[in-house]
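Below: one structure, written as structure tokens.
All of the numbers you see were taken from the coordinates with simple rules; none came from a lab. Being a predicted model, the structure only gives us computed values, none of them experimental. Here the Cβ is made from the backbone with ideal geometry for all residues, glycine too, and neighbour counts use every protein chain on show.
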Ligand code: HEM
């Protein structure tokens with residue numbers, strides 16, 4: 001052994017400094033090439049067709065060429081490679097699935113192999129990162145199971161019933177706000193209006209406090225700080241999307257640099273998130289103190305978030321206790337099923353944030369796009385109005401009325417088919433698996449193209465036409481097709497937890513508005529079709545301007 005060591009040392013002794021430098025340089029270049037050409041990933045997924053990736057950036061440039069609309073890039077690739085192909089997001093290979101049957105196998109039948117989503121947050125403030133990773137949307141394994149169980153009561157019939165007054169109050173305020181425009185024949189950006197309604201409803205359900213969008217501060221009207229933060233965080237999903245690309249393009253070695261010197265918009269996004277977290281944190285603390293529960297805080301949230309930007313929120317909610325039945329209130333009482341321990345502070349905050357983010361943008365786009373589709377389809381509008389007439393124009397919509405709008409239900413399904421707010425979802429394989437002849441190796445990331453599947457001529461006749469009647473067809477073929485190829489809320493155990501909440505809100509808001517007003521697209525202010533903005537969820541880039549007309 002000693003002889004071998006001696007020989008090695010002697011060998012090294014004969015190497016000159018130049019040879020050493022050259023060797024190191026070679027090694028470095030080899031590493032860069034291996035990293036840039038991702039040979040292992042290419043090899044593992046070699047049986048799946050797809051566009052040729054460029055070194056380092058993969059196929060990311062093509063996504064930028066489609067203005068960050070991933071589903072448009074996928075549509076183009078699918079023309080060449082079919083409904084299952086791979087592409088490289090920077091160095092990471094992703095399997096894109098546009099096949100309804102395969103999507104169901106992944107999300108439903110083989111849930112045990114695909115239990116989790118893949119996390120795609122940009123490098124950012126470490127504390128923010130730790131909170132985000134604990135939210136239900138990206139939670140993994142048994143931690144996710146426990147969270148889902150703890151949150152589920154909020155979305156059962158009783159929980160939903162308690163939210164109905166929030167929704168009614170939010171839409172009543174909007175109806176009153178629209179009255180001047182209706183009287184003057186004016187035009188209103190209904191996307192902004194619906195964002196407001198949805199934020200009030202979901203914000204109160206998550207945080208347990210009433211979110212007045214505007215409030216008096218020192219005698220001046222100011223935007224509510226949580227609303228401002230939430231709007232900023234949500235409206236910048238396009239920024240988020242751009243930054244989602246960064247972790248894939250940049251190496252983790254560069255993260256500390258980005259954390260230390262974040263680009264301006266990423267820095268603002270961080271502040272917005274911190275404000276949301278601070279509000280939830282303060283409310284959770286108050287709720288715990290009232291119940292005499294121990295404070296468990298392993299992320300040192302209080303000192304970490306004690307910054308000048310968050311102080312006004314801390315002071316505002318210093319003695320406010322969140323309403324019973326809200327996410328914060330429910331979770332301070334919940335126990336981790338595995339350990340029997342109460343949840344930790346950052347875990348509670350993470351859920352309030354997840355519910356707010358997952359439930360606001362999605363619902364407001366559903367509300368607005370339904371207004372859009374109905375406004376451009378006079379026959380559909382006539383049927384919706386007839387249904388509302390039969391229900392009554394002067395009756396409030398209550399929790400018990402949800403089954404009284406079968407045609408509107410079909411309209412919502414059709415609107416969600418053509419304009420799915422959550423246009424894709426992701427899963428990660430925890431083990432090797434064969435699916436209908438397709439081999440998916442352990443660790444592979446799968447993106448399910450909800451948008452593509454819901455517009456595929458393979459599943460839908462006249463797929464680009466708005467035809468709610470297709471959901472009234474109860475023939476076995478129609479039912480099977482709808483169950484297979486309609487994925488607007490995802491599928492399987494990780495299906496959207498808030499889908500009933502969203503549908504109740506849609507019926508309450510839309511019926512209440514249509515009882516009083518008719519909405520006509522204002523072509524002088526909104527393009528036809530309206531421009532979309534890319535992001536984790538869809539939205540209208542320049543709003544949806546509508547003329548508000550009072551109904552007789
Ligand atoms: C029209 C409105 C909505 C749409 C289109 C929508 C769509 C989706 C989709 C596609 C997913 C992924 C499902 C999957 O991977 O299989 C999802 C997950 C989720 N949604 Fe929604 N959503 C909406 C409203 C809401 C609301 C109102 C809430 C909360 C109140 C909410 C909370 C969540 C949560 C927490 C998840 C993650 C669930 C988990 O991983 O267990 N969503 N949603």
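Quick notes on this structure:
- Separation of alpha-carbon centers, region 305-355 and region 27-49, rounded to whole Å: 44
- Semi-axes of the equivalent ellipsoid of region 322-460 are 35, 29, 12 Å, computed as sqrt(5λ) over the eigenvalues of the C-alpha gyration tensor in descending order.
- Report summary: the helix-based calculation at 222 nm, which adds -39500 (n - 2.57) for every DSSP H run with n ≥ 4 and divides by the residues of the chain, gives -17000 deg cm²/dmol.
- Angle between the chain longest axis and helix 406-418 axis [Cα atoms, degrees, rounded to 10]: 30
- Within the chain, antiparallel bridges make up roughly 90 percent of the DSSP beta bridges whose residues both belong there.
- For the chain, the longest principal axis of the alpha carbon atoms and the long axis of helix 141-151 meet at an angle near 20°.
- Pairwise FRET efficiency - residue 4 versus residue 228, Cβ, R0 = 56 Å, nearest 0.05: 0.25
- Long-range tail of P(r) for region 453-552 (Cα pairs > 20 Å, %): 61
- Radius of gyration (Cα atoms) of region 84-159, expressed as a multiple of 2.2 N^0.38 Å: 1.38.
- Fewest-first ranking of 302, 411, using other Cβ atoms within 10 Å as the exposure measure: 302, 411
- The rule of thumb for compact globular proteins, 2.2 N^0.38 Å, goes into the C-alpha radius of gyration of region 433-482 1.55 times.
- Efficiency of FRET from Cβ geometry, residue 28 and residue 338, R₀ 56 Å, rounded to 0.05: 0.80
- Axis of helix 378-391 versus longest Cα principal axis of the chain: the two differ by about 60°, to the nearest ten degrees.
- Ordering 142, 364, 162 from the fewest to the most neighbouring beta carbons within 10 Å gives 142, 162, 364.
- Ranked 409, 505, 79, criterion: other C-beta atoms within 10 Å, fewest first: 79, 409, 505
- Estimated distance in nm for a label pair at residue 290 and residue 177, the labels positioned 7 Å out from Cα along Cα-to-Cβ: 2.7
- Spin-label model, residue 394/residue 379: points 7 Å from Cα along the beta carbon direction are separated by 3.4 nm.
- Just so you know, the averaged projected area of the alpha carbon convex hull for region 141-550 sits at 23.1 nm².
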